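K.L.:
Sharing a structure below in structure tokens format, with a few things to ask.
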């Protein structure tokens, strides 16, 4: 798919991996709409890339549809969807006599997994009505999992479950949408330099960086965005999850 002039929606596009994707796609000529709850930051990024911002809660059908209406009014229906909205928590299954708070587990699943699927199902329904591009493609959807889907660490039961769900639904959704000529891919990033990472002490960041086999550093969000670009442009990539992690395999803790 030629990214230039394509309408694109990036969830979680106000910061981190989502912001990097929004900037990369815009730099390649896409017409980008950012979905995020952080209106102040989202508006700033959208203005910087000559895009559009919509304050969207990815877990709510009406909110996502309103965001898609905003995107469509500005640029037409999206042919690219990048799911980056998500949260992470650290909480053991049981610790010091207290069980994992069920509401916390449910919240992570709802935002990371259900939110991703909600955006996929609603966007794909609109994509399916579009004309074909180059006689073989209507659109592409890229979701964000994590190496935690495979190597979940201590305290990551909720996060790993949510990301494992994203990995698990990638192929069946790709198969569902094959007749509509919509490709579906997922990226499982390792340890990246995101705002969440920036909140950690520098010595912790340094320790995490050297745990990556090669290159021995944290991932740059621009590298994640570069892979999103390639997925969009390579029409034979479909139904797969790609680890982007410097070959790290996470230790238990």
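K.L.:
State whether one or more residues within segment 240-248 are under 30 Å from residue 95 (Cα atoms) and either part of a strand (DSSP E or B) or free of Cβ contacts under 8 Å to residues at least 40 places away in the same chain (or both).
P.N.:
Scanning segment 240-248, I find no residue that is under 30 Å from residue 95 (Cα atoms) and either part of a strand (DSSP E or B) or free of Cβ contacts under 8 Å to residues at least 40 places away in the same chain (or both), so the answer is no.
K.L.:
If you don't mind, another one. Tell me which residues, restricted to segment 219-230, are surrounded by 22 or more Cβ atoms within 10 Å (Cβ to Cβ) and under 18 Å from residue 184 (Cβ atoms).
P.N.:
224, 228
K.L.:
So is residue 181 more than 17 Å from residue 17 (Cα to Cα), touching a residue at least 12 places away in the same chain (Cβ under 8 Å) and touching a strand residue (DSSP E or B) at 6+ places or on another chain (Cβ under 6 Å) or not?
P.N.:
Details: more than 17 Å from residue 17 (Cα to Cα): yes; touching a residue at least 12 places away in the same chain (Cβ under 8 Å): yes; touching a strand residue (DSSP E or B) at 6+ places or on another chain (Cβ under 6 Å): yes.
Yes; evaluated as a whole, the condition is true for this residue.
K.L.:
Sticking with this structure for a sec: Can you tell me which residues in segment 72-105 are outside any loop (DSSP other than H, G, I, E, B) and over 19 Å from residue 6 (Cα atoms)?
P.N.:
Looking only at segment 72-105, we keep the residues that are outside any loop (DSSP other than H, G, I, E, B), and these are 72-75, 80-83, 94-95, 98-99, 102-105.
The answer is 94, 95, 98, 99, 102, 103, 104, 105.
K.L.:
Now for a separate question. If you check 85, 103, 73, which single one turns out to be out of contact with any strand residue (DSSP E or B) (no Cβ under 8 Å at 6 or more places or on another chain) and under 28 Å from residue 133 (Cα atoms)? First the steps, then the outcome.
P.N.:
Numbers: 85 fails: out of contact with any strand residue (DSSP E or B) (no Cβ under 8 Å at 6 or more places or on another chain); 103 fails: under 28 Å from residue 133 (Cα atoms).
Just a single option satisfies the conditions, and that option is 73.
K.L.:
If you don't mind, there's one more thing I want to ask. All but one of (1) over 17 Å from the mean Cα position of the chain (by Cα); (2) over 12 Å from residue 9 (Cα atoms); (3) touching a residue at least 24 places away in the same chain (Cβ under 8 Å) hold for residue 63; which doesn't?
P.N.:
The failed condition is (3).
Every number in this text was worked out from the coordinates using simple rules, so none of it is lab data. In this text the structure is predicted, and so the values were computed from the model without any measurement. Neighbour counts run over all protein chains shown; Cβ positions are idealised from the backbone, glycine included.
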